[in-house]
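Some notes on the structure that comes next.
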Amino acid sequence: MQAQTLAQRTAFKRWDKAFEPYEKDFKWEPVEHTSADGYILISFVITAKADSVAPNPPVLIQHGNGWDAASWLASLDDGRGPLPLNLVKRGYQVWMMNQRGTEYSRKHTSYQANSKEFWDFDVFTLWNDIESNIKTMKAFSGYDVFWYVGYSGATMQMLYGLATKSP
């Protein structure tokens with residue numbers, strides 16, 4: 001993974017601003033993938049700045065309703081640093097989800113973000129976003145196993161998927 005380009009910093013301004021205090025030790029990369037129902041999603045992959053292979057399986061972190069990946073960096077710091085960065089320090093590659101409809105996941109293969117069809121989803125179809133992240137993360141990392149951290153509605157979405165689908 002390379003350092004962020006100026007184009008990436010510009011395209012993901014709010015994320016880059018939230019990440020800025022930590023860029024001495026960590027780096028990030030946006031990864032685009034498409035859900036089974038056509039939503040084009042962006043996840044941010046965080047690794048240590050030193051070029052080393054994370055020895056542990058990846059961790060997928062999903063925000064709660066009304067949040068996005070930047071929320072984990074900007075709002076959830078207990079004084080020891082945000083959870084995602086602490087996991088990277090402990091040897092995990094961290095994948096930060098941005099669910100459909102959030103600032104960085106407002107594209108679709110068939111619908112415009114300002115159309116009624118784009119916003120015609122419910123908490124159960126949001127499982128498609130998690131599933132897309134899982135498939136992409138597994139392909140990218142080479143691991144078949146992973147950890148999942150979900151907050152608020154993210155926990156319910158994963159439980160729904162585990163109970164009714166197969167990741």
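Laboratory data are not the source of any read-out in this text; all were calculated from the coordinates shown. Remember, predicted model here, so these are calculated numbers, not experimental data. Positions of Cβ are generated from backbone atoms using ideal geometry, with glycine treated the same way; all protein chains shown enter the neighbour counts.
So here's what we get for this one:
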| quantity | calculated |
| --- | --- |
| Cut-off 12 Å between beta-carbons: net charge of the residues surrounding Gln157, Lys and Arg +1, Asp and Glu -1 | -1 |
| Summed side-chain charge close to Gln62 - residues other than Gln62 whose Cβ falls under 11 Å, Lys, Arg +1, Asp, Glu -1 | -2 |
| Crossing angle, helix 127-141 versus the chain [Cα axis fit, 0-90 degrees, rounded to tens] | 40 degrees |
| Whole-Hz couplings from phi, Karplus 6.51/-1.76/1.60, listed for the stretch 150-164; x for Gly and Pro | x, 10, 6, x, 5, 5, 5, 5, 5, 4, 4, x, 5, 7, 10 |
| Of all DSSP beta bridges in the stretch 6-164, antiparallel share, percent nearest 5 | 70 percent |
| Under 5 Å, built H, 5+ apart or other chain: amide partners of Tyr151 | Gln62, Gly64 |
| Among the listed pairs Lys17/Lys165; Lys107/Lys138; Lys17/Lys116; Lys116/Lys138, those beyond 27 Å (Cα-Cα) | Lys17/Lys165; Lys17/Lys116; Lys116/Lys138 |
| Relative exposure of Phe140, Phe44, judged by other C-beta atoms within 10 Å (fewest first) | Phe140, Phe44 |
| Formal net charge of residues neighbouring Asp120 (Cβ-Cβ distance under 12 Å; K, R +1; D, E -1) | -1 |
| The stretch 1-120: translational diffusion in µm²/s, Stokes-Einstein, Kirkwood Rh over Cα pairs, 10 °C, 1.306 mPa s | 106 µm²/s |
| Per-residue [θ]222 nm for the chain (sum of -39500 (n - 2.57) over DSSP H runs n ≥ 4, rounded to 500) | -9000 deg cm²/dmol |
| Separation between Cα centres of the stretch 17-63 and the stretch 93-151, rounded to whole Å | 13 Å |
